[in-house]
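One structure is given below, encoded as structure tokens.
The values are calculated or read from the model by the stated rules, or taken from the named source; none is laboratory data. Note that the structure is a prediction, hence the values are computed from the model and not measured. Note that we place each Cβ from the backbone using ideal geometry, even for glycine, and neighbour counts take in every protein chain shown.
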Amino acid sequence: MVSHFHHVLELEVQWSQKIYVHLNQVYFLQNTGDEVIVSFHNNKIRRQVNGKGHEELLRNINQFTAVEYSDEIVISILTNSGEQFEKVFLKTMEK
């Protein structure tokens, strides 16, 4: 499931004109004008579009950390079973 989550993030990056982190949430401002937020809530990582509803991407998550650097974003995940995963992706330039 984590590989699927990484794939979803890669697609969000491709479809976005701007990406940033705020309050440990990753914001993707898509080319269509939609705002996608990936966040951690109640041991789940979820995806929300324009503040409406949500899609569960991962469950049984103990910790989710998103850190923004000048040219990349690093997402670290710790599962309830103790597995650790990290995903690094480059931020896209504003178009």
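In the stretch 1-48, how many are touching a residue at least 12 places away in the same chain (Cβ under 8 Å), within 23 Å of ASP71 (Cβ to Cβ) and not polar (S, T, N, Q)?
Residues that pass the stated criteria total 19.
Taking the condition of being among the acidic types (Asp, Glu) and exposed (fewer than 13 other Cβ atoms within 10 Å of the Cβ), how many residues in the stretch 1-43 meet it?
Counting residues in the stretch 1-43 that are among the acidic types (Asp, Glu) and exposed (fewer than 13 other Cβ atoms within 10 Å of the Cβ) gives 2.
Output the residues belonging to the stretch 1-43 that are in a strand (DSSP E or B) and hydroxyl-bearing (Ser, Thr, Tyr).
SER16, TYR20, TYR27, SER39 - these are the residues of the stretch 1-43 that are in a strand (DSSP E or B) and hydroxyl-bearing (Ser, Thr, Tyr).
Could you please find all residues in the stretch 57-73 being within 20 Å of TRP15 (Cβ to Cβ) and either acidic (Asp, Glu) or out of contact with any Phe, Trp or Tyr (no Cβ under 8 Å at 6 or more places or on another chain) (or both)?
ALA66, GLU68, ASP71, GLU72
Can you name the residue in the stretch 70-95 that is loosely packed, with under 13 Cβ neighbours inside 10 Å and of a type in the set (A, V, I, L, M) and is also farthest from SER16 (Cα to Cα) among such residues?
Restricting to residues being loosely packed, with under 13 Cβ neighbours inside 10 Å and of a type in the set (A, V, I, L, M), the top hit is VAL88.
Quick check on the stretch 51-69: of everything there that is β-branched (Val, Ile, Thr) and either surrounded by 14 or more Cβ atoms within 10 Å (Cβ to Cβ) or under 11 Å from PHE40 (Cα atoms) (or both), which residue is farthest from the chain's Cα centre (by Cα)?
Among residues in the stretch 51-69 that are β-branched (Val, Ile, Thr) and either surrounded by 14 or more Cβ atoms within 10 Å (Cβ to Cβ) or under 11 Å from PHE40 (Cα atoms) (or both), the one farthest from the chain's Cα centre (by Cα) is ILE61.
Consider the stretch 70-79. How many of its residues are in contact with a strand residue (DSSP E or B) (Cβ under 9 Å, 6 or more places away or on another chain), more than 12 Å from ILE45 (Cβ to Cβ) and not β-branched (Val, Ile, Thr)?
2
Mind checking which residues of the stretch 70-83 are touching a residue at least 40 places away in the same chain (Cβ under 8 Å) and under 10 Å from the mean Cα position of the chain (by Cα)?
Matches in the stretch 70-83: ILE73, ILE75.
Listed here are the residues, each with its yes/no results for (1) at positive phi; (2) among the acidic types (Asp, Glu); (3) at pLDDT 95 or above.
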position: SER16; (1), (2), (3): no, no, no
position: VAL26; (1), (2), (3): no, no, yes
position: LYS44; (1), (2), (3): no, no, yes
position: GLU56; (1), (2), (3): no, yes, yes
position: ARG59; (1), (2), (3): no, no, yes
position: ASP71; (1), (2), (3): no, yes, no
position: LEU78; (1), (2), (3): no, no, yes
position: GLY82; (1), (2), (3): yes, no, yes
